Each structure stands twice: as structure tokens, then as C-alpha cells.
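Asks: Quick one: the structure is below, and I'll ask about it shortly.
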Amino acid sequence: MNIILLERIEKLGTIGDVVTVKDGYARNFLLPNKKALRANDANRKVFESNRARIESDNASKRGEAETHSTKVDGMQVILIRASSNSGQLYGSVSVRDIVDALNAEGAGIAKSTVVLERPIKTIGVFDVKVTLHPEVAVMVKVNVARSPDEAALQAQGVDVMSAMFDSDEGGFTEKYDPNAEPGEIPADMLEDAPEEAAPEA
């Protein structure tokens, strides 16, 4: 379907461009959200007669978005989640989780502005795009951790998963007897350790 864009659409074009898109994309998204008009003679005339107003409205909204972006750009939020020992979350972090966390910090954004390529399913720090206007996008950091302490480490650039596996802490550490033969159980670990014989008088 041929359409006239009423705003800039990433990878499609800018205001006034006539582009061809799949029918479903036009019918289900672009047309109902007033992002485009069907490209016919009547709509072309309507667009041209309103072009100055449309461009002026867009410039005004872009200005508001740029002002808003100074508050949102670079924001960092922490989401505490349960995960397996390998760092896989039980469930995933959704757009709504991110929006709620950002808005709790005063971001004042809508769910439709957050662009999440795929749900977050592991712990770590993720860059997430927030599109405040078709021509204004900023990045925020989402720190997904199992505890506030872990989140603080991740914020400093520590990879907590590899640090956990590199560390002996919390794991089982065998006692080491330098005099033991390879494969021999240290004497103090035997239940019936032989008592030392008393020296003969």
C-alpha cells in the first residue's frame, strides 16, 4: 500500500514522503495511529494544504521531547529479580517493568516509548532505547541483579556471574594436607582417626 507519512518513521522516511509498506503494517499501525494517510489524490491535497501546520506541530513536539530528553537520557534503574546460579531469571523483565521503574524515578514516559528488542532474561546491565519523539531517542541503563549489593557491583562494571565462578567463596573447598599421598583422605577427616600411640615408658 502507498502511504503519505505524517511523521518521521525510522527506516521508512520523513514527513510528506510517499512510501510503499505492507498492507497489514499500514492498516494495523500507521493509519489508526495517525502516522500516515493513504496516498490518493484527495489525501495528497489535504496533506499539502495542511503541510505547514503538520510540520509546525511536529517541530513543537520535537522541542518538547528534546527538553524532556535531558531528564531521561542516561537514567539508571535497578530491578531486583530472582535467578538461577547461572544468572537466568525466573521469568523476564518486560517493558512495563522498565517503564514503572523509570517513572518511579521521575522519568514521566509512556510504555510506547520504550524500545526493547527482546525481553531481558538474565542478570546484568542493559542499554535500553527510549524514543520520546520520532526524531528524539535517548538511552537508559537497566541494572538487573539479585540484590542491591550485586547491583552496586554491576554498576561499577563488575561481571558478578564470572566473579562468582572465579571465586572460591561460598563453594566447597577441600582441606589440603601437603603430606598426603595423591588420592589419600586427610587423616583428620577420617571418622575413626587412629589415636596417637602413647610413648612407652
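Asks: What number comes out for the charge environment of Ala151, summing +1 per Lys or Arg and -1 per Asp or Glu over other residues with Cβ under 15 Å away?
Replies: Details: positive: Arg81, Lys141, Arg146; negative: Asp97, Glu105, Asp149, Glu150, Asp159.
Surrounding charge for Ala151 is -2.
Asks: If each residue of separation counts as 0.36 nm, what is the full-extension length gain between Asp57 and Ser69 once their alpha-carbon separation is subtracted?
Replies: Details: separation 12, 0.36 × 12 = 4.32 nm, distance 1.81 nm.
2.5 nm is the gain from fully extending Asp57 to Ser69.
Asks: Right, something else. Residue separation times 0.36 nm, minus the C-alpha to C-alpha distance between Arg96 and Asp159: what's the value? If you can, show how the numbers build up before the last one.
Replies: Details: separation 63, 0.36 × 63 = 22.68 nm, distance 2.57 nm.
Contour length minus Cα-Cα distance gives 20.1 nm.
Asks: Hey, rough spin-label estimate for Asn85 and Asn28, points 7 angstrom out along Cα→Cβ, what's it come to in nanometres?
Replies: In this crude spin-label approximation the distance works out to 4.3 nm.
Asks: Give me the net charge of Gly63's neighbourhood, meaning all other residues with Cβ under 14 Å from the Cβ of Gly63; Lys, Arg count +1, Asp, Glu -1. Please list the in-between numbers first.
Replies: Details: positive: Lys61, Arg62; negative: Glu55, Asp57, Glu64, Glu66, Glu135.
Result for the neighbourhood of Gly63: -3.
Asks: What is the distance, in nm, between label points placed 7 Å from the Cα along the Cα-to-Cβ direction at Val18 and at Asn103?
Replies: If labels sit at Val18 and Asn103, their model points lie 4.1 nm apart.
Asks: Running Debye on the range 2-68 with equal point scatterers at the Cα sites and no solvent, what base-10 log of I(q)/I(0) appears at q = 0.14, 0.18, 0.26, 0.28 Å⁻¹?
Replies: -0.42, -0.67, -1.17, -1.27
Asks: May I ask you to list the lysines whose Cα is less than 27 Å away from that of Lys35, ignoring any residue fewer than eight positions away on the same chain?
Replies: Result set, ordered by chain and number: Lys11, Lys22, Lys45, Lys61, Lys71, Lys111, Lys129.
Asks: Then there's this: For the range 25-117, run through the GluC sites (Glu not before Pro) and keep only the ones in DSSP coil with at most 11 other Cβ atoms within 10 Å of their Cβ. List each step's numbers first, then the result.
Replies: On the way: sites: Glu48, Glu55, Glu64, Glu66, Glu105, Glu117; in loops: Glu105, Glu117.
In loop regions of the range 25-117 (DSSP not H, G, I, E or B), the sparsely surrounded GluC sites (Glu not before Pro) are Glu117.
FYI, it's all coordinate maths here, none of it is from the lab. Predicted, not measured: the structure shown is a model, and the values here were computed from it. Virtual Cβ from ideal backbone geometry, glycine too; neighbours counted across all protein chains shown.
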